[in-house]
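Participant: Quick one: structure below, then a few questions.
The values are calculated or read from the model by the stated rules, or taken from the named source; none is laboratory data. Not measured: the values here are computed from a predicted model. Every residue, glycine as well, gets a Cβ built from its backbone with ideal geometry; the counts of neighbours run over all protein chains shown. Note: accessible area is taken over every heavy atom of the protein model, side chains too, but ligands, DNA and RNA are not part of it. Shrake-Rupley method; radii C 1.70, N 1.55, O 1.52, S 1.80 Å.
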Amino acid sequence: MQKEVIIKQSLTEKTLTETSVYILYSSRIKYYLLLLLIIFTFNATTVYWSGIKPEANDLGFIPPIAVIVVSVLIFFNLANRSKKDFKKNSRYYTNLVFTLNETEFRTEGEDFFNARKWEDLVKIKSTKKWYLIYFNKMQASIIDRSQLDPSKEDELNDIFNSIRTKIKVVD
């Protein structure tokens, strides 16, 4: 008989915001922003140490500051959008039932149902706070670890270990 784990939980606005920011900044965008910051800082430092006196209206320090400002704006915009999305579509985040077995991952909510085979998903990422089950690189279902009892978490880990051949599981 196939082992099945059923998890009932509701996500909070804070959890949704935190995971949205985590997913964005754990993607490649952080590397691009860091690369731009390094390039612009190197350029500004080279000009400064070269002995060339910059013009009074030279704005060589602006690009590194712009990268930092853009990063902060992305963070606050994402946090704001997550809060609005939670308020507008709270039915997708409250009273959820996740059913996991060795063949599929199902999500049921107030008026929706999703079932996906593990082979159709991208990866499962385990963090200290959540299990993130990725549908694509930037979209994931969130299982909040704080709402799991230890026995459910052990059963969940057993299922994740059994499906490692079907999907990438990152601890």
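Participant: Counting only residues that are more than 19 Å from Glu4 (Cα to Cα), exposed (fewer than 12 other Cβ atoms within 10 Å of the Cβ) and not hydrophobic (A, V, I, L, M, F, W, C), how many does region 105-132 have?
Facilitator: Of the residues in region 105-132, 3 are more than 19 Å from Glu4 (Cα to Cα), exposed (fewer than 12 other Cβ atoms within 10 Å of the Cβ) and not hydrophobic (A, V, I, L, M, F, W, C).
Participant: Scan region 104-138 for residues that are closer than 19 Å to Leu16 by Cβ and touching a residue at least 40 places away in the same chain (Cβ under 8 Å) and jot them down.
Facilitator: Within region 104-138, Ile124, Lys125, Ser126, Thr127, Lys129, Trp130, Leu132, Lys137, Met138 qualify.
Participant: Sort out for me the strands (runs of 3 or more DSSP E) sitting completely within region 96-171 that have 1 or more residues that are in contact with a Gly (Cβ under 7 Å, 6 or more places away or on another chain).
Facilitator: Of the strands (runs of 3 or more DSSP E) lying wholly inside region 96-171, those with at least 1 residues that are in contact with a Gly (Cβ under 7 Å, 6 or more places away or on another chain) span 96-101.
Participant: Of everything in region 136-161 that's open to solvent by less than 50 Å² (accessible area, probe 1.4 Å) and out of contact with any helix residue (DSSP H, G or I) (no Cβ under 8 Å at 6 or more places or on another chain), which residue is farthest from Lys3 (Cα to Cα)?
Facilitator: Ser141
Participant: Still on this structure, I have one more. Please identify the pairs in which a residue from region 1-30 that is farther than 17 Å from Ser141 by Cβ and in contact (Cβ under 8 Å) with a residue 24 or more places away in the chain has its Cβ atom under 8 Å from the Cβ atom of a residue that is in a loop (DSSP other than H, G, I, E, B) and open to solvent by 50 Å² or more (accessible area, probe 1.4 Å), counting only partners at least 6 apart or on another chain.
Facilitator: Here the result reads Gln2/Glu102; Gln2/Thr103; Lys3/Glu102, each pair linking region 1-30 to a residue that is in a loop (DSSP other than H, G, I, E, B) and open to solvent by 50 Å² or more (accessible area, probe 1.4 Å).
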